[in-house]
Structure formats: C-alpha cells, structure tokens
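Notes to accompany the following structure.
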Amino acid sequence: MSQSANAVSKVVSINAVGRERGPGLRIVNDARQQLSDGLCRWLSGTRAAISEELFLLADGTRERLLQTRYLDLRQEIERSWNQYIDAFRHGLAEADWTPKPVAEVLDVPDFAGLQLVEDDELSERIVVREFAAQLAETCDDELYGLDRRVAALLGHEEPAEIENPLSPNYVCQALADAAAALGLDSESRLLLIRRIERHLHLALPTLYHDINSNLIDRGILADLTRSYKRNAPGANLASAAHAAGKTDAATGALQAAAENLPPAAGDILGAMQRLAAARTQMPFAAQPGSTATPPGAPVGEPLSPANAAAISHAFLASLNEAQHMEWTPSAGILQNQVRVVRESSVAQQVSPLEAVTIDIVAMLFDFVFNDNELPATVKSLVGQLQIPVLKVAMLDHSFFANRQHPARRFLDGITGVALHWGANAREDDPFLQRLESLVGRIQQEFETNIEIFSEAIEELENFVVMHEAEEAATVEIAADAVIRREVEEAAAERTQAALRPLLEKEQPPVVRGFIGDHWASVLHQKALITEAESAGWQDTVEVAEQLIWSVLPKNDPDERLRLISALPMLLARINAGLAMTSIDATERSAFFDALVELHAAALKGQKTEETPQTNPTPKMAEPASIQPAVDGDLLVTRRVEEGVVIEDVMLVGASPMRRARDIEALDAARSLKRGDWVDFIDDSGQVARERLNWVSPQKGILVFSNHRAARAISISPEALARQIRDGAARIVDDSSFFDRAIDGVMRSLNVA
C-alpha cells in the first residue's frame, strides 16, 4: 500500500457517512477561511507595489494607448482596491467546491448547450489556467501534503479522486472574477492578473504551509512525508528543435515565456532576450566569443546568415560529435567544454540568441566548477553533462527557468544524491555507482529526446527510495533506543522528585537507608510502567510514607491501635514492592528484623537512637560537592543494539546557554527538520555527513544516520549547538547546485 494510503489509515474517521460527516467538512471550511483571510491581507499589502509597477510600465513605453491603459488601471486600483478585495473574498467563498470526483468534473455526457466562446473570454480562460498551473508548480511541495490532507478529510484515500477546494485553480479564478466585478475590460483584467501573479508566487507557498501546519496540529496526516518530487515530464524537444535556427520566432517565444513566468524565473530569460537584441546590433567581430570575421562578410557589418536554420542544425550536429568525445579531467582540472565549443567556427555563425545561450551555459558551468559546497566527485560527474545540457538549452530555453524541466530535475537529483556522501564518496558507494551509470547513459544516448532525462530521474528516485527504506531500519532501532532512554531518564527524575520530601522527614537511619536504596528501585520500576497520576504510582509513594509513620513513637492509644491494625497490610505491601527488585534475601531479612525492633519501640512510645549509617545518602542522589562546569562537557557513549552502532552525545554540567553565539547555534539546531544534513567533524578533521531522520517528540533528541553503515547518532539540541559553536558540526546547504549557479549568472548579468 502506498505511503499516503497508510497515512490516511491513521486518521480518525471524521468524515464518515451520516452524522460523522460534518467535522471533516468543517475543518476544510476552516482551512478555506484561513486561506481567504491570508490572501485578503496579502492583497491589502500588495496594492502599492502593483500601483508602482504600472507607473513604471507607463513611464517606460512610448505607445500612447498602452501608456493610457497602464495609468487608467493604476487609477482604478488606487480608487477601488478595497472593492476588488471584497469581490475576491466573495468569489472565493461562493465558489462551488462541493466534493465531487474529478471524473465527474471532467465528464461531458453530451454536447447540448455548448456554444462558441468569444476570443477575449477564451484568452482569459487560457491565462487563468496557465496562471493556476504555474502556481501549482511553485507550491508543489506544500500542495503535496495539502491535497492529501484535504482528500483524507473528505473521505478519500488518494487526492486524485477529489478536487482540492483550496487549490490554485479556485484562487486564480476568484482573482479573475474580482477583476471582472470592477468592470475592467478584458485587456485590463489580463494586465492586472499578470501583475498579481508576479507577487503571488512568493506569497501563496507560505499561506499553504501555514494551513498544513494547522492541519498537522489537528492530527490530520501529521506523519506525512515526501522525499522526492514526482511531476509529469516536460514536453519533448522535437517542436523546439524545429524552430532552433529561426531567430525571430525564438525571440518572440522567449519574450512570451519571460512575461508569463514568476519574477525569479523570468528574469534570466529577459536578460537573454536583451543580450541577444544588443548583439543583433553589434558587428560580428565585436560579439563576445567571436575571434574572426567570417569569410566574405564585410568588416564592421552585422552578420546575416543566408540560412540560419542550416547553421543551427550544423552547430547541433557538431555538438553531437563533441558529446561522444571522452571527458577526462586531468590533475583535478575541470575543463569548461562549452567555452571550447564556443570558439569553434560553426558556433561563431549561430544567431545572437543562440550565442547568448551558449555563453550563459558556459557561465553556469563556471559557477558549478567553482562551487565550494559541491564535492569534486560530483563536479566530475556533472562535467560529463556539459554538452547534453548545452543541447537542451539550445533546443528549449524554458530549461533555464522551469524547475520542473526533466533535465533540471535530473540535475537537482544529482544534488540530492550528492548530499548522501558529501566529500567522502568511496568508489563502491552504491549511490555513486548508480549515478555514474545514469550520467554515462545520457552522455552516450541523448540526441534530442528529453524523455531520457525523465527516465533517468525516475530510476534515480526509485533507487534512492529503496536504499532509504533500508536505512529506515537503522533509524527505527536508534529511535527506539532514544525513546527507552528518555523513558528511563523521566522515570529517574520522577523517582528523585518523590524521594526528596520522603528523605527529609524525621526517621531512623535504617529506614532512611532502606527508602533511599531499595524502595528507590521500587519507585523507579513503577515510574517506568505507570503515569504520575496513576493509582499504582501513588500507592507506592504512600507505602514509603506509611513506613516512616509506622516507626515514629506512638504515645496515643488510638495511634497504637491504628499501627497494630495497619502493620500486616503495610508489611505485605512492602514485600510486594520488593518483589519488583533484585534485593538479596539476606538484606531483606535483616531489614524486617530491624523493623520488628523499630515497631516494638514505637508501640512503647520510645524514640530510637540515631546511629551512623555507612551509606546514608541515596545512591540515586547527586553528591552535593560536585559543582557543574559553566561550559559543560560533551558526554559521548556508544552501544550496539541489534547490530546498529548508536553514538549518544549529550551536554552535561552546563549552565544555560546565554552567550549570543550559543543562542544562535541552539536556534539553528532546534530549527533543523527531518531530511536536513549536518557534517560532523572529528579532531583529525575527518568529516562524516549525516541526515536528520527522526526527532524525539519529548525532549527533541535528534537522530542522524546515513546509508553508508548501520550506524546512528543521537544527540541533544544543546550538544549539537555546542558542536556547531565550536566548529565540530556544520549544517549543510541543501539547495540545488544548479540553482546556485543560476543565481551566480543572474548576479553576473546584474539582473538578480
């Protein structure tokens, strides 16, 4: 059964048939209200930014009609923005989201009532649909959990069986309907929607995250996890290849893509377009990467190839030849093959847009090879993909901006796998071997069919999931050990708290020694199996209290009678408690013999003399002479359980962390989430990279492990903070190396 199905089974049936159906629907409605309130607050705060953008657009155009449209829309926003928010709130609240299977939504039983749609209305529908699809990609991680939690609340095991009423589809449609409610014409509505879209890509993931958090707090699929993205592969490159050499068509498509993508994604495409436009006006010899004037071309005049498509196809053919050449870095030096290709004669004749593409891909690999976070082993593997990546970028410019592009997803997959070994990959590492196999297959087999990347990422994800399942057994054993240790510690703390007032009471030394030694063991055993409020625990504490009372002098006749009647039951309860311990029979007999004398003296009203004890202090009490060090010490212990080596790391004897860097490190340790990685550095400088796989709900103990061995580290947040502070641990940046390279290119182009 799938993970999501298993998780659903853990949810209380709050959406069953009949009277029990209400709670699930109410929780979904609460989530819709939370989404509506959050979006309305966000819309209130984004008016000024949209208004400013419209002013800049009007100021930056020379077309009078277009300038008027920008300014008119800006004026309408300034005047009616609250009305727009109210219309959006109403539209989102009134949307027909009654639970119905997706099959019913898509089903069209007949063609009765179908009619032609106006061009403007059709364009708006397409834009809204694309807007929703792009938002869904942006919020992919958050929607993975939200879709499944909503489906569970509505009584479905899989999200594919039901529409999510909180999905971007409803949000985008409500935004469009609100624009129509203001009386805006079609073009102004589309303009406003695109302005809102640029900002909503940043805001909506946070709102979905907060809704997920609230549902988790309510116990709705609280343990749901997701390791990898599984999105449908991108389009095939065949259609893009058809237009590879057609400069005008490619530039127009690039401009449209830049306008329709979120800001962070669209900027690099816009930069490419501007650079290509600038190079179109440059003499050939002055263009970056050009080293000579082509034969027959007049010096100082721009190049206008007679057949751009033929040149592009010739260049792609040359890439095929370069791709199959063996790439062997020498002496640790990684050669940028794309820059070598850029110097070839055929590359110097490609269109300006293609020339810009080559230069940007070359820059990307410069940043990859200079990335200090990326192990040398990974850089070498990625280096083999230089020509395939260049071909993908030449044939499909959306590769740069679309994180769901199959080639981008494979590069991100390499990042995920690289995190498993850090800088210490062995040749026999299964992840490294599988990755080498997949990279080699792409290098040898990729021509223009993008599906090879989709197949590679699917195979890689399946491989990782399989090995993580094996690693889960190690984590489970370590987690069980942590839970047992925490239970033991909690029992010891409860025992100490119960003993303290008992031992402070007046009593003969022999009784104090018995309670502090043997009865402490009874209390500890009871604490392991009972709650503090339970009758069993309270009864055990009461036996010690009655024992102390029983040996005190009884001067009142009623007290003597009470003691005489209580003694048989008291002795029986003491015997029953001692049966839980391993007290020696001789010691037990000696204590009961002493107890007979104590009770006889108590009945006579005599007070026993205080005699010195060889061990008057309870063995579980900490000696008062030991003063904890201010900085504390890291206590490391190791044990083997079921073949798993567990290393426990605790900070002992430390005063509360108050220095600024201690607090900062402790915040960093406590903010770690399952799936985060940490490098542990020993005294010799050796680095072990481990992933956080479990966090104790009681004391926040962190359990780290890796696939390399049956080994786990359990460490308290305070101990990890101390290691972070002292440089013995380092939180690993798990962002995609390719995303970091894109950011580097953006900064270099001054468009970040």
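Read-outs throughout are calculated quantities, based only on the coordinates presented, and are distinct from any laboratory measurement. Computed from a predicted model, the values in this text were never measured in an experiment. Virtual Cβ from ideal backbone geometry, glycine too; neighbours counted across all protein chains shown.
Observations on the structure shown:
- Burial order of peptide ranges 482-495, 555-568 (average beta-carbon count within 10 Å, highest first): 482-495, 555-568
- For segment 42-59 and segment 438-457, distance of Cα centres in Å: 44
- Contact order, relative form, for segment 631-731: 29 percent (alpha carbon pairs under 8 Å, 6 or more residues apart, mean separation divided by residue count).
- In this rough spin-label picture, where each label sits 7 Å from Cα along the Cβ direction, the ARG638-ASP593 distance is 4.9 nm.
- Packing-based exposure ordering (other Cβ within 10 Å, fewest first) of ASP412, ASP185: ASP185, ASP412
- For segment 481-603, the relative contact order works out to 30 percent when only alpha carbon pairs closer than 8 Å and six or more residues apart are counted.
- Residues whose placed amide H lies under 5 Å from that of ALA729, excluding near-sequence neighbours: ILE681, ILE724
- Cβ-derived FRET efficiency at R0 45 Å, ALA317 paired with ASP683, nearest 0.05: 0.20
- Peptides 129-135, 212-218, 510-516 ranked from most to least packed, by the mean per-residue count of other Cβ atoms within 10 Å: 510-516, 129-135, 212-218.
- Cβ-Cβ FRET estimate between ASP631 and GLN525, R0 fixed at 41 Å, reported to 0.05: 0.70
- As a proxy for reagent exposure, HIS467, HIS524, HIS405 were ordered by neighbouring Cβ count within 10 angstrom, fewest first; the result is HIS467, HIS524, HIS405.
- Loop-located GluC sites (Glu not before Pro) in segment 511-542 (DSSP state other than H, G, I, E, B) with a sparse environment of at most 11 neighbouring Cβ atoms within 10 Å: GLU531, GLU533.
- Between GLU63 and VAL732, residue separation times 0.36 nm minus the direct Cα-Cα distance comes to 235.8 nm.
- Unsatisfied cross-links (Cα-Cα over 23 Å) in the set LYS505/LYS607; LYS526/LYS699; LYS505/LYS554; LYS526/LYS554; LYS505/LYS604: LYS526/LYS554
- Estimated distance in nm for a label pair at GLU373 and GLU559, the labels positioned 7 Å out from Cα along Cα-to-Cβ: 7.4
- Above 19 Å, the calculated P(r) of segment 631-731 contains 39 percent of its Cα-Cα pairs.
- Extension gain from GLU52 to ASP141, taking 0.36 nm per residue of separation minus the Cα-Cα distance: 28.9 nm
- ASP683, ASP631 arranged by Cβ crowding within 10 Å, fewest neighbours leading: ASP683, ASP631
- In terms of packing, defined here as the mean over residues of other Cβ atoms within 10 angstrom, the peptides 139-145, 723-729 line up highest first as 139-145, 723-729.
- Net charge, ASP37 excluded, C-beta distance under 12 Å - Lys, Arg +1, Asp, Glu -1: +1
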